[in-house]
Structure formats: structure tokens, C-alpha cells
Ligand SMILES: [Fe+2]
């Protein structure tokens, strides 16, 4: 019969063979080894990358404690930090470690431990810490993702194309309808994490609620899967010279609309005072649109705020297609000077709204069988659409000072489907 002492010695031997010395093991983990070894159920994923901190989460079959070792990529000394464990309704135990005091823009490596056992010792995990305000950065955005592959969904292809990006994004945005059919926790590993393990372990993710997240109780599902800023329904964060605002548009009527709108105004006021060069609003529902979805009045109700505070981009999902609108003013009016002039914007006095809702689900495929063919000429809104195409797509946006470059990229083969840039000049645009 193997005693605890023997088992601890054996684990020590295995760790040393794997290149981990007892000194490198978290101190608290050295005392004894767990008899029932925890199994890794979900690989690590990065959350709340804010200023100089980042959270690493992973799931195990059991856990009484967890820890993480990390070091700069070119450093030699591992630092230890312990975390918290939290039994979940489904999907095992969440292990959560928050690292603070990161050096801006530095690449780090990390190793994860549960109950004294290193999980995935053969794999090198790494991330880049959030950058300082003056540094260029990029992000990806995708909506409507976790359609089962057996229903002809393509979350697997999307993950591959994000991994293939030559310039690794600093973070990713999931624009709602993350898990089909009902945003249920039971689907997260099956339809998302299994495909996105490499993406999520190296690129921090910010997720938003869509209408499918609201088919079930988000507190028991969506909120259990992610660690997000603020109340996790609506929140904001910064990267570089840009302020991002994520909203919960629920099923079009918004979660706590009045409170959320009041918060949005306060947040925009603060953002303006701090002088961010770019403002990006994220939500699941479109406002005006020429897709097969209706306009969403509550989003249009926010347009005057977007205009007043100088929002540059509004990114949404919901319609399973790709559509980029011409710049609009606060009344939702198309700014005529940009009609037909759609690739290189300069000092735009309006916001550009983009539907990128075909991350892993495309209208006319699988469980959503009605064919869709964009036809902006026959749209109820004249001159609204700059570019539309019915294709599997996600967005890549790169911001460098007063320059923003955006590309819609095919989730199938990585081809660029759409491209535009915005340049700002003038004293008002300095951070
Ligand atoms: Fe939706």
C-alpha cells in the first residue's frame, strides 16, 4: 500500500524528472500530496488583463488549493503565487490565480499547479502583459461563435485562424452568443474551450452577453465561466490609448437599461476627461442594420451618446453575417461625405458600426437554414452600408497612436475580406 509519504516522494521524483526542483514547487504544495490526483478539465485561460495584472483560470476534477509559477520569458527565476479554488455547478473546480505587478508589454511564461501537482508540465504557457498607453496594440473581435460543429458551426476554424495571425493580438472580444443553443455552462468546454485552448491560454479574453446567454440564467452560466471587470454584465477597460465599453443588450431591451445607460454616461464622461484617443463600444445587438435582423431601438437610443462623446467604433454580433456601415451621426444619419469613400477615413465626425456575427455560425448553414444574401440597395436605410459580405469572419483591429487599421478576416482560410483605416490629426487627438 502506498503511504502519503511515499506518494509525496514519488511526485517529487517525477517533478524533478520534469525539471521542477522542490525549491520551485509552491511551498504550501510540498507538505503533502493529494491521494486523488486532480485531473485537468479545462486548460488555463487568461482574464481581466488590466493595467499591470492578469488572472489565470483553469478547471480541475478536484482541488483544495492552487498555485502558479511565472517568470519573464527571458528570466530565470520563477515566482510563486497562490490562488483560490471554487467548486462550480458544472465543469469541476475553478482554479483562479491573479498576478499583479506585471511589467507593461513584457512576455511571461507560467506553469499551473493544483494540490501540489503541476498540470501540463510538458506545455509552455505564456502571455504578454498589457502594454503602456503609448504602445501600439491589436485585438480580435468575433461574435456568435459556439455553434456545434455537428450543426456545421465553425468555432474550430475560427480558433485556428486567430492562432495563425502573424501578429498575436493583445486580447480578444467575444461579442455575445458565445454558446449555442442556450449559453449554458454545459456547452462551454464542448463548443468553445476545447477549440480555443491555445488562443485563450495566451491571449486574454473579454466576453459579452448575447441573447442566447439570456436563454438561461446568466448568473448560473455565463458569469460562472468568465471573470470580467465591474458587474460582468457591463463594464469598461483600457488598453493603450483606447477605452473599451462592453454593454449587455440582453434580448434587445438591455439588462437594467436605465442603470446601464446612467453608468454608460458616467463612464463616457470619465473617458473624455482622461483623454483617450479612441473609444470603442461593444455590444451584441446591432442598432441600424441592413442585415436580416431588425433595427434595435434601444441601441439607436444610445447613438446621441456615441456621437456626443466621440465614440469611434461600435462592434456587435447577432446577425450571422458581416456588415460595415458608413459613419453615422447622433441621429443615426449617414454622414454623406463618406458614402462611397469607405477605405481610408480621416478625422471622422461620427462612429462606424460593424456587425461581425459570423464567427462560428453563418445564416443559411446548419441549424439556421434560411439563406441570406446581403442587398444594401433594397435596404430600408438609404446609403447605410459601406461593405457587406456573407462570409465566416472575425475582425482584427490594430491601433498605433492616431492610426487605426481594421481587417475582416475569413475564419476559414485567413484571407482578408474587408479592410479600412481611420486617421486622426490635430491637437484634440493627443492622449
Ligand atoms: Fe444574437
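The values are calculated or read from the model by the stated rules, or taken from the named source; none is laboratory data. None of these values were measured; they are calculated from a predicted model. Positions of Cβ are generated from backbone atoms using ideal geometry, with glycine treated the same way; all protein chains shown enter the neighbour counts.
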So, in region 121-153, of the ones that are surrounded by 24 or more Cβ atoms within 10 Å (Cβ to Cβ) and within 17 Å of residue 408 (Cβ to Cβ), which residue ends up nearest to the ligand (Cβ to nearest atom)? 144
Test: residue 206 is in contact with a strand residue (DSSP E or B) (Cβ under 6 Å, 6 or more places away or on another chain), more than 16 Å from the ligand (Cβ to nearest atom), closer than 21 Å to residue 88 by Cβ and assigned to a strand (DSSP E or B): yes
In this structure, does residue 257 turn out to be away from the ligand (no atom under 16 Å from the Cβ), touching a residue at least 40 places away in the same chain (Cβ under 8 Å), surrounded by fewer than 18 Cβ atoms within 10 Å (Cβ to Cβ) and within 21 Å of residue 302 (Cα to Cα)? yes
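With respect to residue 10, is the statement that it is over 23 Å from the mean Cα position of the chain (by Cα), at pLDDT below 95, assigned to a helix (DSSP H, G or I) and loosely packed, with under 14 Cβ neighbours inside 10 Å true?
Answer is yes for this residue.
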Within the bounds of region 240-247, is there any residue that is at pLDDT 95 or above, in a loop (DSSP other than H, G, I, E, B), assigned by TED's automatic domain parsing to the domain that holds residue 305 and within 16 Å of the ligand (Cβ to nearest atom)? yes
Can you give me the number of residues within region 376-400 that are under 20 Å from residue 332 (Cα atoms) and touching a residue at least 40 places away in the same chain (Cβ under 8 Å)? 11
Given the structure, is residue 252 within 30 Å of residue 154 (Cβ to Cβ) and either within 16 Å of the ligand (Cβ to nearest atom) or touching a residue at least 40 places away in the same chain (Cβ under 8 Å) (or both)? yes
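So that you can scan it fast, the table gives a plain yes or no per residue for (1) in contact (Cβ under 8 Å) with a residue 12 or more places away in the chain; (2) surrounded by 19 or more Cβ atoms within 10 Å (Cβ to Cβ); (3) touching a helix residue (DSSP H, G or I) at 6+ places or on another chain (Cβ under 9 Å):
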| position | (1), (2), (3) |
| --- | --- |
| 207 | yes, yes, yes |
| 216 | yes, no, yes |
| 219 | no, no, no |
| 223 | no, no, no |
| 230 | no, no, yes |
| 236 | yes, yes, yes |
Filtering region 333-359 down to residues that are away from the ligand (no atom under 16 Å from the Cβ), within 23 Å of residue 390 (Cβ to Cβ) and part of a loop (DSSP other than H, G, I, E, B) yields 339, 340, 342, 343
So, residue 287, is that one touching a residue at least 60 places away in the same chain (Cβ under 8 Å), on the phi > 0 side of the Ramachandran plot and surrounded by 22 or more Cβ atoms within 10 Å (Cβ to Cβ) or not? no
When region 314-325 is examined, which residues are found to be away from the ligand (no atom under 15 Å from the Cβ) and crowded, with 24+ Cβ neighbours inside 10 Å? 314, 325
Among the candidates 88, 71, 79, residue that is more than 27 Å from residue 242 (Cα to Cα) and free of Cβ contacts under 8 Å to residues at least 12 places away in the same chain: 79
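Hey, can you tell me all the residues within region 209-228 that are within 11 Å of the ligand (Cβ to nearest atom) and over 21 Å from residue 356 (Cβ atoms)?
Applying the first criterion (within 11 Å of the ligand (Cβ to nearest atom)) to region 209-228 yields 209-215.
Answer for region 209-228, where residues must be within 11 Å of the ligand (Cβ to nearest atom) and over 21 Å from residue 356 (Cβ atoms): just 215.
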Just one of 192, 282, 268 is within 18 Å of the chain's Cα centre (by Cα), at pLDDT 95 or above and farther than 17 Å from residue 45 by Cβ; which is it? 282
Failed condition for residue 284, given (1) within 16 Å of the ligand (Cβ to nearest atom); (2) farther than 23 Å from residue 239 by Cβ; (3) assigned to a loop (DSSP other than H, G, I, E, B): (2)
Name every residue in region 386-416 that is surrounded by 22 or more Cβ atoms within 10 Å (Cβ to Cβ) and over 25 Å from residue 146 (Cα atoms), in order of residue number. 386, 399, 404
